[in-house]
1. Can you tell me which residue within segment A:365-410, out of those that are buried (at least 17 other Cβ atoms within 10 Å of the Cβ) and of a type in the set (Val, Ile, Thr), is farthest from A:Tyr581 (Cα to Cα)?
2. Pull up segment A:195-214, narrow it to residues that are over 27 Å from A:Asp99 (Cβ atoms) and surrounded by fewer than 20 Cβ atoms within 10 Å (Cβ to Cβ), then point me to the one that is nearest to DNA strand B (Cβ to nearest atom).
3. Where the second residue is at pLDDT 80 or above and in a loop (DSSP other than H, G, I, E, B) and the first is over 30 Å from A:Leu284 (Cβ atoms) and lies in segment A:636-657, which pairs have Cβ atoms under 8 Å and are six or more apart or on separate chains?
4. Could you tell me whether any residue of segment A:579-596 is farther than 30 Å from A:Thr650 by Cα, among the hydrophobic types (A, V, I, L, M, F, W, C) and within 30 Å of the chain's Cα centre (by Cα)?
5. Give segment A:216-229 a look and list any residue that's closer than 23 Å to A:Lys299 by Cβ and within 16 Å of DNA strand B (Cβ to nearest atom), or say none.
6. For the list (1) among the acidic types (Asp, Glu); (2) closer than 30 Å to A:Asn598 by Cβ; (3) surrounded by 12 or more Cβ atoms within 10 Å (Cβ to Cβ), I need the number of the one condition that A:Glu413 fails.
7. Residue pairs, Cβ under 7 Å, 6 or more apart or interchain, first in segment A:602-630 and farther than 14 Å from A:Glu393 by Cα, second within 16 Å of DNA strand B (Cβ to nearest atom) and of a type in the set (D, E, K, R). List them.
8. In the set A:Ile257, A:Ile232, which member is at pLDDT 95 or above, touching an Asp or Glu at 6+ places or on another chain (Cβ under 7 Å) and closer than 16 Å to A:Leu315 by Cβ?
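The values are calculated or read from the model by the stated rules, or taken from the named source; none is laboratory data. In this text the structure is predicted, and so the values were computed from the model without any measurement. We place every Cβ from the backbone using ideal geometry, glycine too, and count neighbours over all the protein chains shown.
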Amino acid sequence: MSPNESTVYVYVKCDTVISEEPICLSVTPKYTYTPLNQLKHGSVVNVYGAVKFFKPPYRSRGTDYCSVVSIMDQSNAKLTCMLFSVNLDTLPVIYKIGDIVRFHRLKIQQYKNEIQGVTTVGFSSLTFEGTLGTPVIPRTSSKIYTFTSDDQKTVEALRVWAAHHISSSGALIKLSDVKAMQFFDLTCELVGKAEVDGSSVLLKVWDGTKPPFPSWKVLFEDGSLEGDADRINQLQNLTVDILVYDNHVALAKSLQIGSFLRIYSLHTKIQPITPKKQSNIAHLEFHLHGGTCYGRGIKVLPENNCDVEELKRFLDSVDLAEYQQLENICDLDYNISSSFSCKKDSWNAVFIQKHSFIVLTDHQYLETTPLSAILKRDAPQQYRIRAKLRNYEPQKLYQSVKLHCPKCHSLQEVPHESDLELVLQEAATEQPDPKLQNTSLYNSEVWTTQNQQERKIVIHFIKNDGILQVPEVTLIMIEGGLLSEIYQLSKKFKGVIPVKSSQEDLIVLDLAVPFLIQGKTWHYGCKQCSKLKTMQNLNSLVKEASWTPVCIAEALGIVPLQYVFVMTFTLDDGTGTLKVYLMDCEKFFQIPASEILNSDDLQKNMEMIMYMLCPPGKKIGEYPWLECFIKSYNVRNEVEQEICYRIFDTVIAEDLI
DNA sequence: GATTAGGGTTTG
């Protein structure tokens, strides 16, 4: 064998045992691998990639199993592959984002202006654990495959790249960290299973940690529960009930008790509290909905999977007796009648102590003052209080979010989209000035819309030290853009500044619209306090590329407005009631007011918090106690002086959110 | 031999 010849090791895989002894053949490797940015429509290629997204194999409506896998490599290009096979085994065995795959004989074709990979005759795959430092052992059903030292290097290099460029399974969380409303991936052991009806199956699983809220208990017919009854009973406070629907039912039915599972895109919801139920504690529902969106599905993990090995060690170390005690307290709560409200409160106290989901104060040294005493005293004072939230206003969340100027302290409404669109439409009729395009600060491109009377849009790409960067870190300015266009661009670029041409330079379009759109946050400036400067002033930020809203606002002479929640709480501690104001950016609810209007998830979290603090359909005796820090202050109106109260230094405990 | 799905959450 000449020194330049590579060695191809042909590993012969017999069932699950990989032969330790490579058969050494003196042949030149025949496989070449195409970088993902060089794929040509119509070709059949071999590729390597790190898994960016995947749907675990599921039965398609046709004859085959299907798995959708998106991969990326060092070229930063992404390829989505449609993998089909009659045989489940020949699809890649991917367990999580970041795994490394090698595909042989993948056909590249075009679909909707993008290329995609599809299985073709002779398709085969190897999958490797993506974690740095773990052994490079392929998962595959292929009995014979090549694996050279070059392959080893490719996998290792991709692991390093993926560790920096692909966010690992952040969705993989423990039951103890589960939030009241979220989608996540769960690694767990199956302890019980029951068919509930034709379209759903109940899975009872645990991962050794205690969820922050008790699990809902799904009802099923007597005798339909599979699993060891003693064990199910012993673990009842640590297991959660997952309802699995529709297309996942068949797979769920086939699962063996005691197997280790990864359940992808599991959904938690708070169980509505109904008057029939005696408990005033929120319960969590776990759903694996129908469909395969976001890779929703179930995969059985082998015993030798490193996550399973870790889970097994952890499950063995759990002290079950500790959770048995809590169970007894739970039983007390479930069984007592509503007439024993003081007992219930004491249970509530235990629960709150354990899970601390009620409002906390930073000022633990202060003694609690009854509201009746506060009402008799002059202002200004500070108090620690313990009360229940009898009512709050406004009830509609979007009405509680306002814009506050830290300089002149004015409060204003967040502009409605239709108002923004009017201003943008008006501005779009003005002609961009070509003299202001392509300067040392930015490169400009003029686009002409096709269907709207040839409207001109100019995008100015701000350079970093004279060089254009990738969109993710590039700030752009837009002239003549409408709301939908700005919205689309804000998804691609670091930030978008709506501008217009003036005599000397580009200037901020109008403070009636955001001066900067960054991610989901629309930043506004105060009309009264801002003293606008032109866009060339951004030059001062270019070197450091410090494109924070604060820096940009300062460079442009803008006083940025803060998003705040403004609410009135009516508090009641049995001795009296007090109206208390809350003005909060993000500390109180642990939810940024600046992002909530553009986030369904945050809105749901907020609704859930208010639902917990002020549960509808319940008597006030059953409301949770809140601990707050408030201060009183004098407000003089035209006729008289009034004492007002405001919450501060108070937060909702993290566990609730 | 073609089809399946074509990533971007249910509404139980």
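1. Among them, the one singled out is A:Thr369.
2. A:Ser199
3. Filtered contacts from segment A:636-657: A:Ile643/A:Asp378; A:Ile643/A:Ala379; A:Cys644/A:Ala379.
4. Filtering segment A:579-596 down to residues farther than 30 Å from A:Thr650 by Cα leaves none.
No, segment A:579-596 contains no residue that is farther than 30 Å from A:Thr650 by Cα, among the hydrophobic types (A, V, I, L, M, F, W, C) and within 30 Å of the chain's Cα centre (by Cα).
5. A:Val218
6. For A:Glu413, the failing item is (3).
7. Cβ pairs passing all conditions: A:Leu602/A:Glu595.
8. That would be A:Ile257, the only listed residue that is at pLDDT 95 or above, touching an Asp or Glu at 6+ places or on another chain (Cβ under 7 Å) and closer than 16 Å to A:Leu315 by Cβ.
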